[in-house]
Amino acid sequence: MSEEYDLEIEHRAFDLHPGIPLEGELVQANLQRAGGPSSFARLADEAGLEHGERHHRYNSTPAHEATEWATEQGQGDAFRRAVYRAYFVEDRNIGSAEVLTEIATQLGLDPDSLRSALEDRRYHGKILTQFEEAHNVGVSAVPTFVAGGYALVGAHPLENFRKLMAAVGEEPRITEPGPHS
């Protein structure tokens, strides 16, 4: 989408599974509480997203806090992608300071600075505010894309995003024909 449209993307935290302990829980326990299996794997396949077999669900609040820290370091997008990979591909505990500081180290960031931010809960208030704001506007699933008062919830084909852009009056960029056009 960013190749077709001039987009400003603002990532916001959302607590999809409130109440999960930091050590996580088996997916089976969560599925019983939620009433059935998730369609994540099917949707990820349709969207072409890499994913693995997950056996646990983890508390994502520390990962949201760490991502706020990484954003201030100029590495928010890279950190977000690495957290996605850790959680959805590698089934790692993104509620763990150890996992999050490993990600910081892999990105060339200061793991001690991140550990300090997590221990101090420096970004916790900001994350809780984002959780509350999402709840107040009716967000109930991730991802949720909001543009011009419209929302697109869940994984969708590219064409649905184009329709959303048209609904809010956004025109695609005019691109110069390439040498192979």
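At a glance:
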item: Scan of segment 106-122 for residues that are in a helix (DSSP H, G or I) and not aliphatic (A, V, I, L, M), ordered by number; result: Gln106, Pro111, Asp112, Ser113, Arg115, Ser116, Glu119, Asp120
item: Odd one out for Ala141, checked against (1) farther than 20 Å from Gly19 by Cβ; (2) in contact (Cβ under 8 Å) with a residue 24 or more places away in the chain; (3) in contact with a strand residue (DSSP E or B) (Cβ under 7 Å, 6 or more places away or on another chain); result: (1)
item: Boolean, Asn93 is buried (at least 16 other Cβ atoms within 10 Å of the Cβ) and either polar (S, T, N, Q) or in contact with a helix residue (DSSP H, G or I) (Cβ under 8 Å, 6 or more places away or on another chain) (or both); result: yes
item: Residue within segment 92-105 that is in a helix (DSSP H, G or I) and of a type in the set (Lys, Arg) present; result: no
item: Contacts under 6 angstrom Cβ, first residue in segment 50-77 being within 15 Å of Thr101 (Cβ to Cβ), partner among the β-branched types (Val, Ile, Thr), 6 or more apart; result: Ala63/Val83; Ala63/Ile94; Glu65/Ile127
item: Test: residue in segment 118-125 that is in contact (Cβ under 8 Å) with a residue 60 or more places away in the chain and out of contact with any Gly (no Cβ under 8 Å at 6 or more places or on another chain); result: yes
item: Residues that are at pLDDT 85 or above and under 17 Å from the mean Cα position of the chain (by Cα), drawn from segment 148-157; result: Ala151, Leu152, Val153
item: Selection count where residues are surrounded by 13 or more Cβ atoms within 10 Å (Cβ to Cβ) and farther than 14 Å from Phe14 by Cα, scope segment 124-150; result: 1
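Rundown of residues vs (1) closer than 24 Å to Phe161 by Cα; (2) of a type in the set (A, V, I, L, M, F, W, C); (3) modelled with pLDDT of 95 or more, yes/no style:
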site: Gly76; (1), (2), (3): yes, no, yes
site: Ala86; (1), (2), (3): no, yes, yes
site: Thr105; (1), (2), (3): no, no, yes
site: Ser113; (1), (2), (3): no, no, yes
site: His124; (1), (2), (3): no, no, yes
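The values are calculated or read from the model by the stated rules, or taken from the named source; none is laboratory data. All figures in this text were calculated on a predicted structure; none of them were measured in a lab. Glycine also receives a Cβ, built like all others from the backbone with ideal geometry; neighbour counts cover every protein chain displayed.
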